[in-house]
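The values are calculated or read from the model by the stated rules, or taken from the named source; none is laboratory data. Everything numeric in this text was worked out from a predicted model, so none of it was measured. Every residue, glycine as well, gets a Cβ built from its backbone with ideal geometry; the counts of neighbours run over all protein chains shown.
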């Protein structure tokens with residue numbers, strides 16, 4: 001006996017809308033249960049998770065600081081995933097974008113000119129895009145698996161950064177500690193308001209999300225992304241090139257990840273150091289799927305995920321919930337959102353008897369088709 | 001209507017959990033930011049034990065909340081700012097990587113006092129503290145030279161910062177005081193905390209023929225590998241005897257509690273001032289775990305060395321010492337000054353590795 005997921009014939013519009021709310025309610029119920037079992041006041045815990053971080057102005061700024069890179073990376077990834085290109089290496093593109101963007105302030109610390117910041121941002125985008133161009137080239141030319149190449153390039157990028165900040169770019173006055181000199185004021189992405197740390201990186205994220213939403217919704221390019229993602233053959237009949245789409249989607253997502261990298265370094269950190277990201281490039285994959293690969297949905301999911309990070313901290317401090325418990329709670333949220341979403345499209349079916357059902361046989365055929373893809 | 005009242009009452013009762021925080025406001029808050037998990041078996045756990053000692057000693061006067069697994073970078077700044085805003089009077093930021101975040105938040109909150117571990121930046125409200133780990137490593141080196149049959153030890157190092165380089169040199173220096181030909185191999189794991197990488201480093205070193213292992217990383221993985229392969233090893237930051245009951249010779253335990261208590265008392269009686277503190281074995285900030293799995297004469301030697309370091313009779317870095325390339329560093333009888341040690345970026349003779357620069 002086994003359990004199968006069977007595609008539903010028709011997707012309920014009502015439940016597509018209700019599903020996130022349902023997931024939220026389930027999370028609240030099970031989260032409250034967990035906190036109660038840990039001996040904490042359940043409502044107090046939920047309050048510090050979801051409400052406390054939103055009560056102070058500084059904390060809302062922090063929400064934007066945390067959500068900005070997640071959204072910026074995730075909207076780029078959504079284009080990749082919609083077009084069936086599996087870029088897992090955004091973390092590496094983020095890192096390289098941060099490095100190329102930092103070339104000017106690190107090598108020319110005495111250059112005080114207003115053009116430096118725009119140049120840095122452009123270099124960051126270019127760096128991220130070029131770095132994503134490596135898996136794009138390998139896939140378009142040699143049909144290499146981009147999941148592996150993009151992922152492995154993450155470690156290359158991180159070690160390259162590590163080498164730079166311990167070697168040629170190390171601050172000469174830094175007591176041999178691994179970081180570059182602090183950027184000159186002209187090279188720092190300014191805060192949006194004086195009341196907190198949120199900087200222009202968050203605005204870039206919103207602009208990118210709206211622009212890509214517009215493209216997906218109203219432009220031929222967006223249609224091309226969806227068609228090629230759903231069926232490459234159908235796309236070929238329409239005159240779309242899967243190979244060009246590999247380049248397009250990877251360059252866009254790499255460029256946005258690079259922009260996120262330089263925004264983070266310039267706006268939040270102020271110098272390069274061995275670790276510049278707590279895994280934004282990987283968390284953004286979750287954000288992208290949580291937002292159903294829709295750029296506007298990603299804005300919401302990025303904010304929600306950022307909120308759970310901040311809330312986890314608030315709950316640790318105010319009522320002593322451990323870091324582990326707050327991560328379990330985050331996991332609950334993701335689990336319920338994704339399972340509710342899955343159950344809109346699929347129904348669970350118990351299959352009795354042997355595995356030789358027609359469904360199992362037909363599952364083999366798509367992989368045969370991909371083998372005959374022409375170049 | 002009645003139901004609604006009951007529901008509201010129940011809600012109020014449930015919410016009660018966090019209003020109690022307000023009543024405890026008369027107690028001062030001494031807060032801790034951890035880079036790892038408080039049960040990591042190494043660095044953060046040692047800090048957590050120190051925090052618990054503090055609560056035991058002064059729990060009637062203070063509260064000591066903490067945040068764990070805080071990544072270095074912008075997240076750290078937010079975590080520290082949250083603490084400063086939540087009424088902490090004294091905040092211990094317990095990782096080198098929190099340095100700039102600590103300085104930024106400290107500038108915004110001049111009335112809050114900060115204690116940053118192992119850093120080199122300070123301010124009127126930011127003190128720094130560190131421990132003379134190298135004293136313990138010198139003793140470990142002596143034990144290693146006695147216990148090793150091949151005369152080669154393996155060192156799993158984290159990052160080539162002065163702190164770590166100093167530890168490698170101190171170990172070699174201790175070993176050479178027993179066996180002048182003692183050699184050391186070093187593997188850079190490029191992490192403080194990664195059981196997989198640390199275990200790989202341990203295996204690589206053992207395959208290269210070392211028969212004693214020591215580490216400047218935080219997990220018990222190397223200890224476990226040493227136990228599997230049947231060689232001896234030294235624990236780091238916490239007593240790791242549970243991971244290698246027949247393997248651990250001793251461990252350099254960070255016993256921060258002594259410092260936390262001293263500084264919190266200073267906060268309470270108003271005498272807290274920004275200082276750069278660098279305490280060692282004699283101050284209780286560093287403790288050698290019980291000397292185990294060794295013959296009595298080795299144990300006696302280790303205890304004698306420990307006593308000499310405590311009394312100030314012995315400084316681990318006393319000349320003559322040559323640098324790795326054979327050029328002289330310290331003349332006979334000359335002692336290394338703290339400034340050179342804190343910026344140490346060269347190996348001494350006998351270390352078989354090229355320092356990443």
Checked B:333, B:339, B:312 against criteria (surrounded by fewer than 15 Cβ atoms within 10 Å (Cβ to Cβ) and within 14 Å of chain A (Cβ to nearest Cβ)); the one match is B:339
Strands (runs of 3 or more DSSP E) (entirely within segment B:248-294) containing at least 1 residues that are over 15 Å from the mean Cα position of the chain (by Cα) and buried (at least 17 other Cβ atoms within 10 Å of the Cβ):
B:248-254
Somewhere in segment A:144-165, is a residue within 14 Å of chain B (Cβ to nearest Cβ), without any contact (Cβ under 8 Å) to a residue 40 or more places away in the chain and in contact with a helix residue (DSSP H, G or I) (Cβ under 9 Å, 6 or more places away or on another chain)?
no
Please indicate, with yes or no, whether at least one residue in segment A:64-76 is under 19 Å from residue A:329 (Cβ atoms) and either at the interface with chain B (Cβ under 10 Å from one of its Cβ atoms) or surrounded by fewer than 23 Cβ atoms within 10 Å (Cβ to Cβ) (or both).
yes
Being at pLDDT 95 or above, surrounded by fewer than 15 Cβ atoms within 10 Å (Cβ to Cβ) and either in contact with a helix residue (DSSP H, G or I) (Cβ under 9 Å, 6 or more places away or on another chain) or in a loop (DSSP other than H, G, I, E, B) (or both) is the requirement here; does residue A:210 meet it?
yes
With respect to the numbered conditions (1) more than 14 Å from chain B (Cβ to nearest Cβ); (2) out of contact with any strand residue (DSSP E or B) (no Cβ under 8 Å at 6 or more places or on another chain); (3) on the phi < 0 side of the Ramachandran plot, which one is the sole condition not fulfilled by residue A:48?
(1)
Selection count, segment B:119-151, where residues are under 30 Å from residue B:232 (Cβ atoms), assigned to a loop (DSSP other than H, G, I, E, B) and free of Cβ contacts under 8 Å to residues at least 60 places away in the same chain:
1
Residue check for residue B:115: within 21 Å of the chain's Cα centre (by Cα) and part of a strand (DSSP E or B):
yes
Hey, residue B:94 more than 9 Å from chain A (Cβ to nearest Cβ), out of contact with any strand residue (DSSP E or B) (no Cβ under 8 Å at 6 or more places or on another chain), more than 21 Å from residue A:268 (Cβ to Cβ) and at pLDDT 90 or above or not
no
Assess whether residue A:81 counts as being surrounded by 24 or more Cβ atoms within 10 Å (Cβ to Cβ), under 19 Å from the mean Cα position of the chain (by Cα), at pLDDT 95 or above and over 30 Å from residue B:118 (Cβ atoms).
no
For segment B:55-73, does any single residue satisfy the condition of being surrounded by 24 or more Cβ atoms within 10 Å (Cβ to Cβ), facing chain A (nearest Cβ under 10 Å) and without any contact (Cβ under 8 Å) to a residue 24 or more places away in the chain?
no
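Conditions (1) more than 25 Å from residue A:140 (Cβ to Cβ); (2) in contact (Cβ under 8 Å) with a residue 24 or more places away in the chain; (3) away from chain B (no Cβ under 14 Å), marked per residue:
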site	(1), (2), (3)
A:239	no, no, yes
A:243	no, yes, yes
A:248	no, yes, yes
A:265	yes, yes, no
If we keep only residues of segment A:273-308 that are facing chain B (nearest Cβ under 8 Å) and in contact (Cβ under 8 Å) with a residue 24 or more places away in the chain, then the residue nearest to residue A:43 (Cα to Cα) is A:277
Filter segment A:52-62 for residues that are under 24 Å from the mean Cα position of the chain (by Cα) and more than 10 Å from every other protein chain (Cβ to nearest Cβ) and give the result.
A:54, A:60
Just need a number here: residues in segment A:321-340 that are touching a residue at least 60 places away in the same chain (Cβ under 8 Å) and facing chain B (nearest Cβ under 7 Å).
0
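Take the conditions buried (at least 21 other Cβ atoms within 10 Å of the Cβ), within 12 Å of chain B (Cβ to nearest Cβ) and outside any helix (DSSP H, G or I) and apply them to residue A:178. Does it pass?
Considered against the rule, which asks whether it is buried (at least 21 other Cβ atoms within 10 Å of the Cβ), within 12 Å of chain B (Cβ to nearest Cβ) and outside any helix (DSSP H, G or I), residue A:178 comes out as yes.
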Report yes if some residue within segment B:164-174 is assigned to a strand (DSSP E or B), in contact (Cβ under 8 Å) with a residue 24 or more places away in the chain, within 14 Å of chain A (Cβ to nearest Cβ) and farther than 22 Å from residue B:209 by Cα; otherwise report no.
no
Note on residue B:107: of the conditions (1) within 14 Å of chain A (Cβ to nearest Cβ); (2) over 28 Å from residue B:30 (Cα atoms), unmet is (2)
